[in-house]
Each structure stands twice: as structure tokens, then as C-alpha cells.
């Protein structure tokens with residue numbers, strides 16, 4: 001397998017937290033925290049796919065590498081493809097790990113875990129999930145559930161059969177909170193972004209269902225916790241406390 005590359009898609013536009021990537025957490029812009037977590041994963045180059053010049057400048061000021069992309073892309077996946085095609089037109093890098101720009105507390109080990117399912121040549125996309133432990137999340141439509149067939153070989157992996165906002169599957173057993181971090185084979189990512197949205201993708205408002213509709217195999221690595229996604233101003237002090245606690249135990 002070729003050397004992976006991590007790409008972080010990001011843009012300033014955010015309804016609930018305008019200018020989110022540059023919001024400071026413990027004195028550091030959030031996108032820089034995400035950059036550092038991706039670098040700490042130590043998988044390969046880290047590239048920020050930025051929709052705005054302010055983000056690209058910030059990344060450069062902190063020693064990172066950014067590609068300024070078309071601000072009108074419909075999704076982060078489209079932004080990633082533009083960035084990697086410009087950065088690596090000769091295809092030297094293989095798997096593309098998509099780390100969302102609002103996950104400043106993501107564990108580097110979790111980023112590495114998303115790549116592990118690609119050890120199996122039949123897997124097109126790797127992603128993450130964690131067991132739901134809070135009862136309220138089982139019925140919360142904002143918590144996406146991954147319906148997973150457990151692996152007979154790997155205790156902490158399984159094959160994704162579906163993703164849904166509903167409570168699924170029924171019966172006894174764990175429910176899994178899907179974490180939107182993906183590791184794509186490059187050809188799978190390129191096929192995914194040019195395909196039209198699937199009917200169930202529209203219905204559930206979940207982009208990953210397009211990949212399943214295309215017949216792509218998605219395997220899931222089970223991790224211990226769901227990272228905090230920063231979506232509102234109230235999330236910023238929570239992220240600051242989590243990062244400070246982690247630094248205190250380093």
C-alpha cells in the first residue's frame with residue numbers, strides 16, 4: 001500500500017460558529033489543533049484543504065501546508081479531491097485519510113485506526129465508531145448509528161451494512177455511534193465524488209450511504225470514545241478543558 005496522506009477540509013462559513021476554524025482554544029486556532037493531531041498520527045504528509053485565504057495563511061504561519069481550494073465545493077470530499085490532485089498529480093500517495101477540521105480533540109491513535117481496515121484489499125473505505133453508552137444517544141437522530149456486522153477475525157472491527165439516524169439495529173447488543181472520519185483508497189474517493197447522490201443519502205442526509213449504494217465496502221474500526229466535534233461557541237471551553245487535561249497527563 002502506498003504512503004497515506006491526511007487531508008483536513010475546512011472553511012470559514014459556519015451557521016452556528018462563524019469563522020470556526022480560526023476560533024481559539026487555549027490560545028491556538030482550532031484548525032491548528034487539528035493539524036497537530038493529524039501530524040501526531042505519524043502516517044504521512046498532512047494537508048489542509050482550505051476554502052478561505054485566512055485559513056491557508058494561518059496554517060502557513062504555524063508551519064503547516066495548505067492548498068487553497070474552490071470555495072463553492074458542495075462537500076468536504078470534493079474539496080479534498082481538488083487539494084490532493086493539485087498536491088500530488090502523479091499519484092505518489094495512496095490512501096487518503098479525511099480528518100474533519102472541527103475535531104481538535106481527536107486522538108492520533110483514532111486517526112491511525114481508521115486506516116487499519118484498508119489492510120484488507122476488499123475494503124474501499126475505513127471509518128470509525130464507538131459503542132453508545134449514554135441512553136439518550138440511542139434515540140437521538142443527531143447521533144448517526146453504524147450498523148456493523150462484526151469481524152470473525154478482528155475483535156475491534158466490522159463491516160458496515162448501513163448508517164442511519166434511527167435506532168438500529170433492534171434486539172440485544174451494542175449500538176454504535178459513527179464517527180465521521182474516513183480513510184479512502186484514492187480510486188474509491190475519486191469514484192465517490194463524481195457519482196450522483198443516492199436516494200437513501202438524500203433521505204437520511206448521510207453522504208456515506210452513496211458509497212454503500214455504489215457497492216463499496218466500508219469497514220469500521222471500533223474505538224474507545226467519540227471525539228468532541230466543535231459546532232457551537234459552547235463547545236469551545238469544553239474542548240479547551242479536554243485538551244488541557246490531556247496535556248496535564250502527557
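Residue 198: surrounded by 19 or more Cβ atoms within 10 Å (Cβ to Cβ) and either farther than 19 Å from residue 130 by Cα or in contact (Cβ under 8 Å) with a residue 60 or more places away in the chain (or both), yes or no?
So residue 198 does not fit the description; no.
Do the conditions hold for residue 221, that is, is it assigned to a strand (DSSP E or B), touching a helix residue (DSSP H, G or I) at 6+ places or on another chain (Cβ under 9 Å) and modelled with pLDDT of 95 or more?
When the stated conditions are applied, residue 221 passes them.
Could you list, in sequence order, all residues of segment 74-97 that are in contact with a strand residue (DSSP E or B) (Cβ under 9 Å, 6 or more places away or on another chain) and free of Cβ contacts under 8 Å to residues at least 24 places away in the same chain?
86
Starting from segment 146-165, keep only residues that are under 11 Å from residue 222 (Cα atoms), then list their pairs with residues that are assigned to a loop (DSSP other than H, G, I, E, B) whose Cβ atoms are within a distance under 6 Å, requiring at least 6 positions of separation or different chains.
157/151; 158/151
Return yes when residue 189 is in contact with a strand residue (DSSP E or B) (Cβ under 6 Å, 6 or more places away or on another chain), buried (at least 18 other Cβ atoms within 10 Å of the Cβ) and assigned to a helix (DSSP H, G or I) and no when it is not.
It is true that residue 189 is in contact with a strand residue (DSSP E or B) (Cβ under 6 Å, 6 or more places away or on another chain), buried (at least 18 other Cβ atoms within 10 Å of the Cβ) and assigned to a helix (DSSP H, G or I).
The values are calculated or read from the model by the stated rules, or taken from the named source; none is laboratory data. Nothing here was measured: the structure is a model prediction, and the numbers come from that model. Neighbour counts run over all protein chains shown; Cβ positions are idealised from the backbone, glycine included.
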